[in-house]
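First up is the structure itself, then whatever we jot down about it.
The values are calculated or read from the model by the stated rules, or taken from the named source; none is laboratory data. Because the structure is a prediction, the values reported are computed rather than measured. Here the Cβ positions follow ideal geometry from the backbone for every residue, glycine too, while neighbour counts run over all protein chains shown. Note: areas computed on protein heavy atoms with side chains; ligands, DNA, RNA excluded. Shrake-Rupley method; radii C 1.70, N 1.55, O 1.52, S 1.80 Å.
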Amino acid sequence: MLPIARGIYSGLANITRNSRGALHTASALRCKAETSTEENDAAANEGEGEDNAGGSAPDPKDRSKAIPVETSIRYLKSAAYKQTYGEDFVWTQYRRNHKGMYAPRKTRKTCIRQNRISTGNPCPICRDEYLVLDYRNTELLEQFISPHSGDVLSYSKTGLCQKSHLRLMVAVQQARDSGYITYDVPFREYDYNEYYGQEQKQKA
């Protein structure tokens, strides 16, 4: 019985090897056909869109292109902005990534190095290239100003990197100096007797 069983086993093994080879050959031919079809489609697309920059999609981490402030102002009033942020501020839904349980006291120095985003979780300003910090873009600047005190919110609350926070401070000060943003002058108490008393003594 052993030779018969051995013969049956070897026959089944040969059939299995042949079937696997046939399936592998068929799948290889199918893959080659699909690859050639994709290459033909890609060549056709490159031929149709030669004006596109090399036929490649734009890099989402590239920040070498300067966005005009007029474009940013229109973006804040567009449907794309409403769909992305809704009625919230641009920093409301942002969460910092940090090591450990407690967040560091300061945020990172910058999110953009050599005109490219160098981190996986950029700050609310650096992650959206159409958010331009400029003294004329008051609708964006007012999102970072406290409505109660009129002061600029801290970077620990908004999550801005140190470079973006500095640019924000400069833009807010320029907007106040230019009259784009109104603010209350702090009330100061003076002892007028010191001044009027000296004048009366001099007259006497």
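Per-structure values
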item: Condition met for residue 141 (closer than 25 Å to residue 119 by Cα and crowded, with 17+ Cβ neighbours inside 10 Å); result: yes
item: Some residue of region 79-96 being within 23 Å of residue 168 (Cβ to Cβ), touching a strand residue (DSSP E or B) at 6+ places or on another chain (Cβ under 9 Å), open to solvent by 60 Å² or more (accessible area, probe 1.4 Å) and modelled with pLDDT of 65 or more; result: no
item: Complete set of residues in region 106-131 that are in contact (Cβ under 8 Å) with a residue 60 or more places away in the chain and open to solvent by less than 30 Å² (accessible area, probe 1.4 Å); result: 126
